[in-house]
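Undergrad: I am attaching a structure below and will ask some questions about it afterwards.
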Amino acid sequence: MGEKVVGRTRYCTQPPRRVGGVERVGGTKKVDVERVLELEPDLVVAVREENARESVEALQTAGVPTFVGAPETVEEALEMLRELAVLVEAPRADAVISPIERVYEGLRGTRPPRRPRLFVPIWKGPYMGVGSDTYVHDVVEVSGGENVCGGRTRYPVVSPEEIEASQPEVILLPDEPYPFSAEDLAEFYALDVPAAREDRIHLVDGKLLTWYGPRMAGSLRQLSALLGLS
């Protein structure tokens, strides 16, 4: 939507060449509601996973139209993009969304008979995995993996012993929301799991797993390639 975007949180960083000129209105959890109102927006786009309910309700009470996305699957994220594109009359909706749909359908049609077991921590101290009702879980499954925490919901706390018991064959360490880095590798390589023995512990860009939006096609392709499935 280009120049029609008048405000963003400080965590909105894409596209890098243009986002710097957009007014910042706080963080995702602590939106400066008064600053948003000063910008007189015709629409506020929020997501349930990131934005505080109090901020959204304050804007709604002030009479500001709001769009709240809550996708828990890749398919729901695509539906949300389509709905939002119609709402804002996005000029290039098909050019952006159609490639994602093609990649998504292609991966769904080529799922291997046996999928590698994945562990994806999103936090440390304690370790937290991703449950079956999260977007990250579905990204893992669509990309061809089997989430070892898929039998639980939301973001379960898991101990090193539980990680070992689940025997993941691949471990992905994203750099957000917790910033896993090379300093964390030793802890995971010390685990008695196939991923450590077979050198399949990878540091990855967290955006591949958690950012639903125009970059989903590239994210799904990269993850499936990392798993050796494309």
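The values are calculated or read from the model by the stated rules, or taken from the named source; none is laboratory data. Just so we're clear, the structure is a prediction, and the values are computed from it rather than from any experiment. Positions of Cβ are backbone-derived with ideal geometry, glycine not excepted, and every protein chain shown enters the neighbour counts. Keep in mind that these areas ignore ligands, DNA and RNA; they rest on the heavy atoms of the full protein, side chains included. Shrake-Rupley method; radii C 1.70, N 1.55, O 1.52, S 1.80 Å.
Undergrad: Looking at V74, is it of a type in the set (A, V, I, L, M) and open to solvent by 60 Å² or more (accessible area, probe 1.4 Å)?
TA: Numbers: of a type in the set (A, V, I, L, M): yes; open to solvent by 60 Å² or more (accessible area, probe 1.4 Å): no.
Criteria not met by V74.
Undergrad: Looking at V33 and the list (1) among the aliphatic types (A, V, I, L, M); (2) open to solvent by 70 Å² or more (accessible area, probe 1.4 Å); (3) under 24 Å from T61 (Cα atoms), which single condition is not satisfied?
TA: So the condition that V33 fails would be (2).
Undergrad: Which one of these is in a loop (DSSP other than H, G, I, E, B), surrounded by 13 or more Cβ atoms within 10 Å (Cβ to Cβ) and at pLDDT 95 or above: P168, P179, P214? It would help to see each step written out before you state the result.
TA: Working: P179 fails: surrounded by 13 or more Cβ atoms within 10 Å (Cβ to Cβ); P214 fails: at pLDDT 95 or above.
Matching residue, one of P168, P179, P214: P168.
Undergrad: Next question, about the same structure. Mind telling me which of the residues E161, E187 ends up being at pLDDT 95 or above, in contact with a Pro (Cβ under 9 Å, 6 or more places away or on another chain) and acidic (D, E)?
TA: Exactly one of E161, E187 is at pLDDT 95 or above, in contact with a Pro (Cβ under 9 Å, 6 or more places away or on another chain) and acidic (D, E), namely E187.
Undergrad: If you take the residues in the stretch 182-210 that are surrounded by fewer than 18 Cβ atoms within 10 Å (Cβ to Cβ) and in a loop (DSSP other than H, G, I, E, B), which one is nearest to the chain's Cα centre (by Cα)?
TA: Residue satisfying both the conditions and the ranking: D205.
Undergrad: If we scan the stretch 181-189, do we find a residue that is of a type in the set (S, T, N, Q) and touching a helix residue (DSSP H, G or I) at 6+ places or on another chain (Cβ under 8 Å)?
TA: Of the residues in the stretch 181-189, the ones of a type in the set (S, T, N, Q) are 181.
Keeping just the survivors that are touching a helix residue (DSSP H, G or I) at 6+ places or on another chain (Cβ under 8 Å) gives none.
Checking the stretch 181-189: not a single residue is of a type in the set (S, T, N, Q) and touching a helix residue (DSSP H, G or I) at 6+ places or on another chain (Cβ under 8 Å).
Undergrad: Of a type outside the set (S, T, N, Q), assigned to a helix (DSSP H, G or I) and more than 27 Å from D138 (Cβ to Cβ): is that true of R17 in this structure? Quick ask: steps written out before the conclusion?
TA: Details: of a type outside the set (S, T, N, Q): yes; assigned to a helix (DSSP H, G or I): yes; more than 27 Å from D138 (Cβ to Cβ): yes.
Yes, satisfied.
Undergrad: Search the stretch 170-186 for residues that are within 23 Å of Y11 (Cβ to Cβ) and pair each with any residue that is assigned to a helix (DSSP H, G or I) and of a type outside the set (A, V, I, L, M, F, W, C) when their beta-carbon atoms are under 7 Å apart and the residues are at least 6 apart or on different chains.
TA: L173/D184; E176/T210
Undergrad: Another question about this same structure. Is it the case, given these coordinates, that T61 is farther than 22 Å from D133 by Cα, surrounded by fewer than 14 Cβ atoms within 10 Å (Cβ to Cβ), at pLDDT 95 or above and among the hydroxyl-bearing types (S, T, Y)?
TA: Working: farther than 22 Å from D133 by Cα: yes; surrounded by fewer than 14 Cβ atoms within 10 Å (Cβ to Cβ): yes; at pLDDT 95 or above: yes; among the hydroxyl-bearing types (S, T, Y): yes.
Yes.
Undergrad: Being within 19 Å of V68 (Cβ to Cβ) and either without any contact (Cβ under 8 Å) to a residue 12 or more places away in the chain or touching a Cys at 6+ places or on another chain (Cβ under 8 Å) (or both) is the filter here; which residues of the stretch 1-38 pass it? Quick ask: steps written out before the conclusion?
TA: Our first condition is that a residue be within 19 Å of V68 (Cβ to Cβ); within the stretch 1-38, this holds for 1, 5-9, 11-12, 25-33, 36-37.
Answer for the stretch 1-38, where residues must be within 19 Å of V68 (Cβ to Cβ) and either without any contact (Cβ under 8 Å) to a residue 12 or more places away in the chain or touching a Cys at 6+ places or on another chain (Cβ under 8 Å) (or both): C12, D32.
Undergrad: Suppose the filter is without any contact (Cβ under 8 Å) to a residue 40 or more places away in the chain and crowded, with 21+ Cβ neighbours inside 10 Å; does V148 pass it? Steps first, answer last, please.
TA: Details: without any contact (Cβ under 8 Å) to a residue 40 or more places away in the chain: yes; crowded, with 21+ Cβ neighbours inside 10 Å: yes.
Answer is yes for this residue.
Undergrad: Go through (1) touching a residue at least 24 places away in the same chain (Cβ under 8 Å); (2) under 22 Å from V136 (Cα atoms); (3) assigned to a loop (DSSP other than H, G, I, E, B); (4) not β-branched (V, I, T) and name the single condition P41 misses.
TA: For P41, the exception is condition (2).
Undergrad: While we're here: Anything in the stretch 102-139 that is under 15 Å from Y155 (Cβ atoms), touching a residue at least 40 places away in the same chain (Cβ under 8 Å), of a type outside the set (A, V, I, L, M, F, W, C) and not in a helix (DSSP H, G or I)? List them, or say none.
TA: P121, K124, D133, T134
Undergrad: Among the residues of the stretch 156-164, are any without any contact (Cβ under 8 Å) to a residue 40 or more places away in the chain and within 26 Å of M216 (Cα to Cα)?
TA: Start the filter on the stretch 156-164 by keeping residues that are without any contact (Cβ under 8 Å) to a residue 40 or more places away in the chain, which leaves 156-162, 164.
Subsequent filtering for residues that are within 26 Å of M216 (Cα to Cα) retains 156.
The answer is yes; a qualifying residue exists.
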